[in-house]
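The values are calculated or read from the model by the stated rules, or taken from the named source; none is laboratory data. Remember, predicted model here, so these are calculated numbers, not experimental data. Methodologically, a virtual Cβ is constructed for each residue, glycine included, from the backbone with ideal geometry; neighbour enumeration extends over all protein chains shown.
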Amino acid sequence: MKKMISILAVMTITTLMATTAQAKDYNRYAKCYGEMTKAHKARGFHQSQRMMSIKIKETVCTAYANGEELNYEGKV
């Protein structure tokens with residue numbers, strides 16, 4: 001079980017690094033990712049569908065960091 005969690009953590013970090021490398025504005029990416037994580041945790045999505053939550057955040061926040069004006073979940 002610990003090995004599986006470690007593998008998932010490495011995969012998540014690797015994916016996040018690859019995604020953020022493509023983002024033009026890391027500050028926008030980080031702001032978006034943090035706000036969406038807070039919103040996902042508040043409604044339980046982050047806990048119940050973690051991998052899907054991460055993939056959605058990566059996709060939306062990369063687009064936002066690359067200049068798309070989005071009204072994403074949790075946006076302040």
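The single condition from (1) modelled with pLDDT of 95 or more; (2) not in a helix (DSSP H, G or I) that residue 69 fails is (1).
Residue-wise test of (1) of a type in the set (S, T, N, Q); (2) modelled with pLDDT under 95.
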residue: 3; (1), (2): no, yes
residue: 6; (1), (2): yes, yes
residue: 11; (1), (2): no, yes
residue: 15; (1), (2): yes, yes
residue: 20; (1), (2): yes, yes
residue: 26; (1), (2): no, yes
residue: 41; (1), (2): no, no
residue: 55; (1), (2): no, no
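Whenever a residue of segment 37-50 is surrounded by fewer than 13 Cβ atoms within 10 Å (Cβ to Cβ), its partners that are in a helix (DSSP H, G or I) and basic (Lys, Arg), lying with C-beta atoms within less than 9 angstrom and at least six residues away or across chains, give the pairs 47/41. Of all the residues in segment 34-65, those that are touching a Ser or Thr at 6+ places or on another chain (Cβ under 9 Å) and of a type in the set (Val, Ile, Thr) number 4.
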